1. Checking W170 against (1) within 23 Å of the chain's Cα centre (by Cα); (2) under 25 Å from V25 (Cα atoms), only one condition comes out false. Which one?
2. Looking at (1) more than 20 Å from G101 (Cα to Cα); (2) in contact with a Phe, Trp or Tyr (Cβ under 9 Å, 6 or more places away or on another chain); (3) basic (K, R), which one does R222 not meet, given that it meets all the others?
3. Which residue, of P109, P104, P143, is touching a strand residue (DSSP E or B) at 6+ places or on another chain (Cβ under 6 Å) and not in a strand (DSSP E or B)?
4. Evaluate the following for L256: is it touching a helix residue (DSSP H, G or I) at 6+ places or on another chain (Cβ under 8 Å) and touching a residue at least 40 places away in the same chain (Cβ under 8 Å)?
5. Considering only residues that are free of Cβ contacts under 8 Å to residues at least 24 places away in the same chain and touching a Leu at 6+ places or on another chain (Cβ under 9 Å), look in segment 139-148 and name the one that is surrounded by the most Cβ atoms within 10 Å (Cβ to Cβ).
6. Could you give every pair whose Cβ atoms fall below 6 Å, whose first residue belongs to segment 232-251 and is within 14 Å of A288 (Cβ to Cβ), and whose second residue is in a helix (DSSP H, G or I) and among the aromatic types (F, W, Y), counting only separations of at least 6 or pairs across chains?
7. For segment 164-254, which fully contained helices (runs of 4 or more DSSP H) count at least 2 residues that are surrounded by 20 or more Cβ atoms within 10 Å (Cβ to Cβ) and among the basic types (K, R)?
8. Let me confirm something: among C250, C191, which residue is at pLDDT 95 or above and not assigned by TED's automatic domain parsing to the domain that holds D19?
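The values are calculated or read from the model by the stated rules, or taken from the named source; none is laboratory data. None of the values given here were measured: they were computed from a predicted structure. Here the Cβ positions follow ideal geometry from the backbone for every residue, glycine too, while neighbour counts run over all protein chains shown.
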Amino acid sequence: MTTPLIIGLSVVIVAADGDTPCVLVTRRDGGLAALPFGTFDPARHRTFELALRGWVREQTGFELGYVEQLYTFGDRDRETPEATLADTPANARVVSVGYLGLTPDQTRPPEQLEAKWRGWYGHFPWEDHRRGRPAIIEREIAPRLKTWAAGNDVRQSRVSLAFGLDGQDWIDDRVLERYELLYEAGLVTECARDAGLPLPDVKLGEPMSSDHRRILATAMGRLRGKIRYRPVVFELMPDRFTLSALQSTCEGILGLTLHKQNFRRALDRAGLVEGTGEMMAGTGGRPAELFRFCREKFRRSAAFGIATPAIRREA
């Protein structure tokens, strides 16, 4: 019997609420957060992106702006999101094409739609190092992963490299690698749910519908890496912003605290922003100058990203 192939489209829409990176989620599967998701109908949709924009508008009331293709998730053993696609045949193979969308506009979705903005660190509490190494790593994650990896050199090496253990540095864009290790070790809710096993005794971050937390991890890693070589962070900023707000947005995405003087020197060298001469009052101190992204300059040439000189902390 032929296995039906369903092409799904999902998107991680990111906005910055001050220093908090947020994603737009809907509610499915008994209240679990889910990314906007729908099917591609080749008879009705001319392109994947047009279909995606239509699904997002229908499910959230949000109009997508900047969007790029993220990854295609098609592993045979990934959970089929039947609860998301009510008309999916029982034996269907679902291939999901993931997208990343960025917006400076955190518009509140219409009341009748079960969509809302949610901080992404609620799903990945071990990824936010702005106030130092999260206690959950040493208290919950490291002991369990070391038990899982005991006697297996390859596993032990993967755990140390991914989570910055045993003298290894923390590498911020390895978000997916860390989540997949936790899934493989049976330490996240999604693994137990997919395998029909009892839930873990400790909940490591808020679970999501289907494999949407994996897709979100992929988007986080992509964005963390990309802001260093393309000026995509400005897609999250309003037309006028202070340098402090820009730094806070970068820190929120990376989950790291940046060195203020080095950050601003790097901005000057790159020529990414220019002062407008306008001042923002009410900042609690001296009025701060408003800046703008030199967008027209970089439309005509290869644009570099933002240097992210982090403050070094002892583990």
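1. Every listed condition holds for W170 apart from (2).
2. Evaluating R222 over (1) more than 20 Å from G101 (Cα to Cα); (2) in contact with a Phe, Trp or Tyr (Cβ under 9 Å, 6 or more places away or on another chain); (3) basic (K, R) leaves (1) as the failure.
3. Working: P104 fails: touching a strand residue (DSSP E or B) at 6+ places or on another chain (Cβ under 6 Å); P143 fails: touching a strand residue (DSSP E or B) at 6+ places or on another chain (Cβ under 6 Å).
The conditions single out P109.
4. Numbers: touching a helix residue (DSSP H, G or I) at 6+ places or on another chain (Cβ under 8 Å): no; touching a residue at least 40 places away in the same chain (Cβ under 8 Å): yes.
No.
5. Kept after step one, since they are free of Cβ contacts under 8 Å to residues at least 24 places away in the same chain, are these residues of segment 139-148: 139, 142-143, 146-147.
Subsequent filtering for residues that are touching a Leu at 6+ places or on another chain (Cβ under 9 Å) retains 142, 146.
Numbers: A142: 18, K146: 15.
Here the answer is A142.
6. As it stands, the answer is Q247/F263, since those pairs meet every condition given.
7. Values: elements: 175-184, 189-195, 212-226, 243-254.
Answer list for segment 164-254: 212-226.
8. Working: C191 fails: at pLDDT 95 or above.
Matching residue, one of C250, C191: C250.
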